[in-house]
Amino acid sequence: MTVKLPDSQLKMRSMRIILIDTNEIITKLWQTYIPQAVPRDDKLLCIHTGHLESLMTNIRKGTDKHSGRTYAIVSPGNSFGYLGGGFDFALYNYFGGKPFEKWFRNQLGGRYHTVGSATVVDLSLCNEEETLRKRDGIRYIIHCPTVVAPVRPIFDPNNPIKTGIEPVFNAMWNALMHAPNGIDGLIIPGLCTGYAGVPPTISCKSMAFALRLYILGDLISKELRNVLTMFYLGYPFGPFFTDECKEECQKLKLDMNQLRKFDVTVDSIESILPSNLEQLQFQSIKKANADMKSL
């Protein structure tokens with residue numbers, strides 16, 4: 001079944017982003033890389049330290065913090081859809097074990113999915129009794145493989161951009177771009193920090209940059225977003241940096257010299273993507289949400 005994706009995937013919606021990990025180092029790094037840009041508003045962003053079960057308990061209670069009814073969750077595992085390790089193993093246990101894993105792999109066509117791809121699986125189609133009982137508002141799983149198979153780390157400290165920065169950014173961006181219409185929240189675990197072996201500092205930095213680009217929505221043009229992505233990932237190709245983008249940088253007071261010489265291994269996100277831009281966007285989102293409630 002094909003799941004309809006957002007008509008405008010780069011228009012920031014009121015969908016809550018829930019970042020989850022059991023590793024406190026990772027959740028604290030998210031707070032380091034993101035809170036400057038994201039106000040402390042659990043309606044828009046939540047960082048949960050703990051297991052999936054504890055998060056789902058909160059969602060099941062329908063607290064104000066997790067008051068949504070429909071969620072998608074990211075499976076960042078392997079290319080074949082097995083759910084045997086890391087966060088995928090939490091999904092395996094939560095949704096019904098072996099029968100669920102068999103159903104899930106069938107939904108993926110039982111075939112190889114390339115690292116960097118994304119496939120949305122609709123859990124409402126699953127008739128497994130345990131899955132029906134435990135779904136608790138999770139409607140979709142977004143399968144974003146980060147390794148072919150968990151046999152060795154993908155990270156090479158001699159090539160941190162290609163083996164760490166880039167695969168994490170791609171997985172995070174794909175998850176955000178494939179979030180289906182109509183969901184209240186998207187649950188994303190730490191990416192590539194398990195079998196893939198990417199250091200938490202690198203993973204969290206790339207996850208934060210992708211999220212901050214997403215948050216900007218239509219506050220910046222698609223072309224400028226492409227340029228920011230290009231320079232962040234270490235592809236400083238001048239011809240793609242058009243005059244229109246340069247004019248936009250000037251209007252937004254983005255430092256073009258800093259952008260051109262940006263080195264993701266040593267420079268901060270803030271140096272090319274100032275947090276005041278995200279704050280402006282969140283203010284407009286909150287105002288739009290308030291206006292809708294008043295209707």
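The values are calculated or read from the model by the stated rules, or taken from the named source; none is laboratory data. Quick caveat, the model's predicted, so the values are computed rather than measured. Reconstructed Cβ throughout: ideal geometry from the backbone, glycine too, with neighbour counts over all protein chains shown. Ligands, DNA and RNA are excluded from the accessible area calculation, which covers all protein heavy atoms including side chains. Shrake-Rupley method; radii C 1.70, N 1.55, O 1.52, S 1.80 Å.
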Notebook entry, point to check: Hey, can you rank 261-269, 232-240, 88-96 by average C-beta count inside 10 Å, highest first?
Noted result: 88-96, 261-269, 232-240
Checklist line | Net lengthening on full extension, Phe237/Thr22 (0.36 nm per residue, minus Cα-Cα) | finding: 73.5 nm
Note to self: Between the stretch 93-167 and the stretch 202-273, what is the separation of their alpha carbon centroids in Å?
What the structure shows: 29 Å
Next item on the list: Leaving out ligands and nucleic acids, note down the accessible area per residue over the stretch 16-216 with a 1.4 angstrom probe, in whole Å².
Entry: 40 Å²
Item checked: Difference of contour (0.36 nm per residue) and Cα-Cα distance, Lys162 to Ala149 -> 2.9 nm
Checklist line | Contact order relative to length of the stretch 49-184, as percent, for alpha carbon pairs under 8 angstrom and 6 or more apart | finding: 31 percent
